[in-house]
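Derivation of every value follows stated rules applied to the coordinates shown; laboratory data play no part. Predicted model only: the values in this text are computed from it and were never measured. Methodologically, a virtual Cβ is constructed for each residue, glycine included, from the backbone with ideal geometry; neighbour enumeration extends over all protein chains shown.
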Amino acid sequence: MNDMIRIRPTAALRVEFARWAVAQRPKVDTVSIHEFGVPAGLFVGMPEDILIGALVDGHRYVSPAEDAALGRPGPGASGPAVPTVATVVGESGPETIIPLTRPDRSRQLAEISGLEQLLGTAVPGSSTGAATPDSDRSDSTSNKAEEAGGGNSCDVCQRSFTTPRGRDAHRRQVHPEA
């Protein structure tokens, strides 16, 4: 059984919480960079002002004063019954219905013609390195090979390829004997 309660105080109260922690005998240790491990016996006697807004075992600490201000009964107190609605999957009722299918967004994206329309704002002028429809971004080594007359065609079947790497992969897979 874990006798330590993990408390993560708010950033504003972290120093004050640390002062309280080192004043305890034995001292309260840290369990992570922002969390303290407080023994359960010490937790019940802690000053409430250093707990306001803290996460206690992953849940936000709610003070009795906050419960009273919101008209909620405190923990363990009896109060007005909270109405609950039981729902069964597949049956209709007053619950919110969440569709199990995604909307067809491909049609919505097909209607978008440009980057400005997609982003909803004007796009600044293109930089010198930006790609344009007219720019040639092909591998310069393959272009040089084609210009030199070497080309990228297979020596066995004369199939042409855009890159020497593609040609070499073809040779290994289709013509392993060559």
Total formal charge among the other residues, if their Cβ is under 12 angstrom from that of Val38, Lys/Arg +1 and Asp/Glu -1 | -1
Contour excess over end-to-end distance, with Cα ends at Ala23 and Ser153 and 0.36 nm allotted per residue = 38.8 nm
Can you check what the net charge comes to around Ile5, using other residues whose Cβ is under 13 Å from the Cβ of Ile5 (Lys, Arg +1; Asp, Glu -1)?
-> -2
Considering every Cα-Cα pair within region 4-69, what fraction, in whole percent, is farther apart than 13 Å?
-> 61
Using 7 Å Cα-to-Cβ label points, what is the Glu48/Glu35 separation (nm, one decimal)?
-> 2.5
What is the distance, in nm, between label points placed 7 Å from the Cα along the Cα-to-Cβ direction at Thr10 and at Ala178?
-> 7.5
What is the sum of charges around Val56, taking Lys and Arg as +1, Asp and Glu as -1, for the other residues whose C-beta is under 11 Å from the C-beta of Val56?
-> +1
